[in-house]
Protein chains: 2
Amino acid sequence: MATNTVEPGPLTGEEPKPLLDIKTPTPSDIDIAQSVKPKHISQIAEVKLGLSPDEYELQGPSKAKVRLSVLDRLKGAAYGKYVVVAGISPTPLGEGKSTTTVGLCQSLGAYLGRKVLTCIRQPSQGPTFGIKGGAAGGGYSQVIPMEEMNLHLTGDIHAITAANNLLSAAIDARMFHEQAQSDEALFKRLCPTDKKGNRAFAPVMLRRLKKLGIEKTDPAQLTPEEVSAFVRLDIDPDSITWRRVMDVNDRFLRGITVGQGTEERGQERKTGFDISVASEIMAVLALSSNLSDMRERLGRMVIGNSRQGAPVTADDLGIGGALTVLMRDAIMPTLLQTLEGTPVLVHAGPFANIAHGNSSIVADEIGLKLVGEEGFVVTEAGFGADIGMEKFMNIKCRASGLRPNAAVIVATVRALKMHGGGAPVVAGTPLPHEYLTENVDLVTQGCCNLARHIKNATGYGIPVVVAINAFSTDSPAELEAVKSAALEAGAFAAVVTRHHSLGGAGAVGLARAVVAACEQPTDFKFLYDVDLPIKDKIEAIARSYGAAGVSYSPEAEAQIAKYTAMGFDKLPICMAKTQYSFSHDAKLKGAPSGFTLPIRDVRASAGAGFVYPLVGNMMTMPGLPTRPAYYDIDIDAATGRVLGLS
Amino acid sequence: MATNTVEPGPLTGEEPKPLLDIKTPTPSDIDIAQSVKPKHISQIAEVKLGLSPDEYELQGPSKAKVRLSVLDRLKGAAYGKYVVVAGISPTPLGEGKSTTTVGLCQSLGAYLGRKVLTCIRQPSQGPTFGIKGGAAGGGYSQVIPMEEMNLHLTGDIHAITAANNLLSAAIDARMFHEQAQSDEALFKRLCPTDKKGNRAFAPVMLRRLKKLGIEKTDPAQLTPEEVSAFVRLDIDPDSITWRRVMDVNDRFLRGITVGQGTEERGQERKTGFDISVASEIMAVLALSSNLSDMRERLGRMVIGNSRQGAPVTADDLGIGGALTVLMRDAIMPTLLQTLEGTPVLVHAGPFANIAHGNSSIVADEIGLKLVGEEGFVVTEAGFGADIGMEKFMNIKCRASGLRPNAAVIVATVRALKMHGGGAPVVAGTPLPHEYLTENVDLVTQGCCNLARHIKNATGYGIPVVVAINAFSTDSPAELEAVKSAALEAGAFAAVVTRHHSLGGAGAVGLARAVVAACEQPTDFKFLYDVDLPIKDKIEAIARSYGAAGVSYSPEAEAQIAKYTAMGFDKLPICMAKTQYSFSHDAKLKGAPSGFTLPIRDVRASAGAGFVYPLVGNMMTMPGLPTRPAYYDIDIDAATGRVLGLS
């Protein structure tokens, strides 16, 4: 994120000499990123991570895909320390969570000599050309090459787009063919007679037969009723929740009508596109533990229901295997490096509202084995800790079986002032006066937000380190106020950090605190028992937000009843809520309490494995502003250098 | 193509012992492909092509991207022999053109010891899951790994999808913002004042200013009229020819309405999706000679016109540079190998009707330099020779400046029987009787189709070798009839070839004939002078089809007038015509003549650099059948092996 561009305050005197050639004022992200020549990625893979040459696939000189076979080799190996980085409720400018994650790792690896691996999400390519900057960190704490990170990388998101949209095409085509054909004709085409006169079910069809309670394996043995049940998915068009996706900010695709070609016989349908990272397939990728688990999850995805109310899955459409084939390379995490040569695994980037907002289980698992018992895996959770960290714990860790050793919560004086009552912070307009001059009271008042995040985090039974991401406008007294408040709220440590302007050298204090925190005993517990009814789970999360209660729209009530009947009530909950407040109202800053959390609707991602209540309207397809970022993006044809990325 | 599955006839006795472990009957394409372990691609790159390690980028162990820097190193090097493979007018089953291209190269390289490089198109991924098989050749003449070839490969098509759709999003967003804002507001946003109080045009904006005849570089100096001209593209929504694309067979996207989201203020518009390979960006990729040429072509692409009739380009939208950045990896051809270890460059795959149907200039150019004076580059032209070869000569060679040494025309007894009056050949139904038993008369009558293709090809001043792709049902007399007819029509040689069932060993006769043909002198000439008016060029091509004349719809007349006024009349012509007949009517087999070729409409791809008349309706988005190929596609989770691709 290119948002933290102000200069840091004076040094504490504890920082080591930076290894990077630091310039002041801090140059632009792309200028810093392009000033450091990346090491050949095979060096990172083999020297830093101990991978053998057959455990990774080069993708050019600075990217590699790590094969999952490494997990077989390291089956019995001990896990390293597992650190999750979350944040307080942010301003729209972002508080430097990715940058802190990267800076902390540069410090652990390049200054403290620890084995370390950063696990981060792959950013969506769409916003790169819109209004958002890149997502490779910032300043002297970045993942390089940042062009690769922000563009195609190794094609995982493109694979998701392809798989998602193949399923979409399959849905509409199936409805089209079912409408035009008799049971018999459909059956004849689905199970054709081959050249030798034989008829057989494709293996994927046996899954549907099993679901229907039909044990037969010879097509000739099916009764007409069984044939009809088998060939007719009878999808209710109004029930379809599966939308097409594209990794482009294209607001005109939010709401569309399809099927208006002359040959589609008037079978029009209203639907729309989301941005690709909002696809359930992205969440599946992030939550799969291996190829066969991914195969099962992709097959289980529900696209809607039949007119009789039965969930219709990807495997009912016969497509779960094909989707897996499209995703077979994407399941390998991509290895990159930081500016200071520490390894980074970039893998998956699900939305943090309609999905769980965390990078992949596979990458974390590989990392924890590779760094070994004395090493560290630092993984970032999206949005504020109320969202990203809560989902890290209750969805991601529940699925993986992994348990964190410590949490880092990133705070800024700027955001705390906002929570303390400062004027709204708006991207693209100058910061109001109170953010640029000392105001300890405002900071102190705002620390209620930080305190609640700390309390929630310690509730999981792990130590919490607060990283105070310092800006040049922060006064020593303001930083001190945050520190005291953090310790008072139960943080294990609170450390001022200056990694944006100094790289790993600026985060050594933070790194030391994290090392110490990881030596503490933990007593991990989930926020809720996953076997509770859907509403009980929602209410447990709502209480952690400070809500007094939860209200449900009639749609939400109906969906909860439907999903309970379908057997999806044993899934964890993934709240789709604003990141700007603990509550549903982005304007309620600080640590609101006593409010009623309104659930507008409830959806399920049965393949990924969660139910997601909608608290307000979530934007799943961004748009382009009048002057998009693409105006500045070009290529130097002589050198091939990318210009104008930010 | 997996269509040529019948067994070959008896050997001639001239074939060398196959190097491959040949099985009879010929196993399925995927079984053969997976039975050969590919050499590490660095071996192919360095040993077979003499590339240095910094001239290619590994993409895993069996794919590499070749950097264009190799052309700098080989600036003064002599070109190898340049052979284009085309076909007679095919049946719907295909006549094995890709397979012949691959088999010929296996023979040249692995049996005759020549330096050789195969240049072929990247197949679209969409049809892999629909009804078509793969496009990596077939039998014992294949490009491997065939899974890579038929799936994501190195992401070039995904890059095209991303770039195409970013431009689409930009068009609709620009119309939306122009409608909502005054000239002044638009100008303020397009040229904002920076933190230091300065205002500047982005470099890409200077292109638009220049086009408008405004020489100023300081935004403050523009008059209100100039501001208005600059900020208002004033796109006529009805003129927009730019459609979105997706590499999926999704018929329900052929005709859609966009802009129906609640926030798009009712600015609905009818449009649709094509399959990605139909994007003009694919044609641009294929016709660009280097990165800066691609930058210029992408910027020149016309998306429609203003209400005043001026063409609106990608650079008018400020997006040409960003599109180039998205395409910067795609401009590097992808190196693969054949089953017999000869090198293959896969690069670009434009449609052969609305585009020119040939792989990239860059790949051919790199190949011709790398194989050296004694070596061979064999490149395939899509569809029948009337389309693919004509466009190879008049569009691709005109753009590249390269000149072929010989053409190979692939013929089958099956297709010639059809041209001689055999019953229609329909995919998925058994072949009629006349195709399975000897019928020399039918073959002889059908040779008029072959003869006209030969005549057209020799008209370019190069020798023509006819490759008779033999099936087991072909009798010696039938094969002999084709041979005589070919020689009589002016072919330099005509050779029976059995590469499908024998690999390169089966194509040695063909390879020898090609080597001999390439020793002949050539006297290259184009079919038409590119500076002629649009209609004159269309008529020259129509005459080569056998047409007596050309008729134009009122729409076609209007478009020709419009493009002439816009200055696009000096571009070559790219006929969008059926491949199943020389004429516009797929049912007119043989060598029809005297017909009038009807031009329904005319479009331009100003960036790629051609005008394309529409002769009939072209399908630019396939659909999925009742039982798509995806039913059989799955992954063996234990080994990661792809199952069921064909």
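Below are the figures for this structure:
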quantity: When residues of segment B:601-620 are limited to those that are of a type in the set (Gly, Ala, Ser) and outside any strand (DSSP E or B), the one farthest from the other protein chains (Cβ to nearest Cβ); calculated: B:Ala606
quantity: Where B:Gln125 falls short, out of the listed (1) at pLDDT 95 or above; (2) under 18 Å from the mean Cα position of the chain (by Cα); (3) of a type outside the set (Gly, Ala, Ser); calculated: (1)
quantity: Sole exception among (1) within 12 Å of another protein chain (Cβ to nearest Cβ); (2) out of contact with any Pro (no Cβ under 7 Å at 6 or more places or on another chain); (3) open to solvent by 20 Å² or more (accessible area, probe 1.4 Å) for A:Arg269, by number; calculated: (2)
quantity: Output for segment B:138-179, where each listed residue is within 13 Å of B:Arg232 (Cβ to Cβ), in contact with a helix residue (DSSP H, G or I) (Cβ under 9 Å, 6 or more places away or on another chain) and not charged (D, E, K, R); calculated: B:Met175, B:His177
quantity: Residues satisfying the stated conditions in segment A:103-126, i.e. out of contact with any Asp or Glu (no Cβ under 9 Å at 6 or more places or on another chain) and in a helix (DSSP H, G or I); calculated: A:Gly103, A:Leu104, A:Leu108
quantity: Residue satisfying condition, being open to solvent by less than 10 Å² (accessible area, probe 1.4 Å), in a loop (DSSP other than H, G, I, E, B) and not assigned by the TED database to the domain that holds B:Gly87, within set B:Gly590, B:Gly623; calculated: B:Gly590
quantity: Subset of segment B:159-176 [open to solvent by 20 Å² or more (accessible area, probe 1.4 Å) and within 8 Å of chain A (Cβ to nearest Cβ)]; calculated: B:Thr161
quantity: From the options A:Leu112, A:Leu74, A:Leu153, A:Leu104, residue that is at pLDDT 95 or above and closer than 30 Å to B:Met327 by Cβ; calculated: A:Leu153
quantity: Qualifying helices (runs of 4 or more DSSP H) (wholly inside segment B:419-502; at least 1 residues being in the same structural domain as B:Pro90 (by the TED database) and touching a Gly at 6+ places or on another chain (Cβ under 6 Å)); calculated: B:440-458, B:499-502
quantity: Tally, over segment A:210-225, of residues that are open to solvent by 40 Å² or more (accessible area, probe 1.4 Å) and either touching a residue at least 24 places away in the same chain (Cβ under 8 Å) or under 43 Å from the mean Cα position of the chain (by Cα) (or both); calculated: 8
quantity: A:Glu519 without any contact (Cβ under 8 Å) to a residue 60 or more places away in the chain and part of a loop (DSSP other than H, G, I, E, B); calculated: yes
quantity: Per-region count, segment B:17-32, residues in contact (Cβ under 8 Å) with a residue 24 or more places away in the chain and in a loop (DSSP other than H, G, I, E, B); calculated: 8
quantity: Selection status of B:Thr596, touching an Asp or Glu at 6+ places or on another chain (Cβ under 8 Å), modelled with pLDDT of 95 or more and among the polar types (S, T, N, Q); calculated: no
quantity: Tabulated pairs, segment B:106-125, first among the hydroxyl-bearing types (Ser, Thr, Tyr), second outside any helix (DSSP H, G or I) and surrounded by fewer than 24 Cβ atoms within 10 Å (Cβ to Cβ), C-beta under 8 angstrom, 6+ apart or interchain; calculated: B:Tyr111/B:Pro16; B:Tyr111/B:Leu19
quantity: Unmet criterion (only one of (1) away from chain B (no Cβ under 14 Å); (2) surrounded by fewer than 20 Cβ atoms within 10 Å (Cβ to Cβ); (3) in contact (Cβ under 8 Å) with a residue 40 or more places away in the chain) for A:Ala86; calculated: (2)
quantity: Residue selected from segment B:56-79 under the condition without any contact (Cβ under 8 Å) to a residue 24 or more places away in the chain and more than 12 Å from chain A (Cβ to nearest Cβ), by the criterion most open to solvent (accessible area, probe 1.4 Å); calculated: B:Lys75
quantity: The listed residue being within 12 Å of another protein chain (Cβ to nearest Cβ), without any contact (Cβ under 8 Å) to a residue 40 or more places away in the chain and of a type in the set (A, V, I, L, M, F, W, C), out of B:Leu190, B:Leu186, B:Leu206; calculated: B:Leu206
quantity: Top-ranked residue of segment A:295-322 - restricted to ones that are of a type in the set (Val, Ile, Thr) and open to solvent by less than 10 Å² (accessible area, probe 1.4 Å), ranked as farthest from A:Gln559 (Cα to Cα); calculated: A:Ile319
quantity: Of all residues making up segment B:228-266, the number that are facing another protein chain (nearest Cβ under 8 Å), more than 26 Å from the chain's Cα centre (by Cα) and open to solvent by 30 Å² or more (accessible area, probe 1.4 Å); calculated: 3
quantity: Qualifying residues in segment A:272-294 (those that are free of Cβ contacts under 8 Å to residues at least 40 places away in the same chain and surrounded by fewer than 24 Cβ atoms within 10 Å (Cβ to Cβ)) - the one nearest to the other protein chains (Cβ to nearest Cβ); calculated: A:Ser292
quantity: Lone qualifier among B:Ile468, B:Ile538 - being within 27 Å of the chain's Cα centre (by Cα), over 29 Å from B:Gly420 (Cβ atoms) and touching a residue at least 40 places away in the same chain (Cβ under 8 Å); calculated: B:Ile538
quantity: Test for B:Asp529: is it charged (D, E, K, R), under 26 Å from the mean Cα position of the chain (by Cα), farther than 30 Å from B:Arg603 by Cβ and open to solvent by 10 Å² or more (accessible area, probe 1.4 Å); calculated: no
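The values are calculated or read from the model by the stated rules, or taken from the named source; none is laboratory data. None of these values were measured; they are calculated from a predicted model. Every residue, glycine as well, gets a Cβ built from its backbone with ideal geometry; the counts of neighbours run over all protein chains shown. Heavy atoms of the whole protein, side chains included, go into the accessibility calculation; ligands, DNA and RNA do not. Shrake-Rupley method; radii C 1.70, N 1.55, O 1.52, S 1.80 Å.
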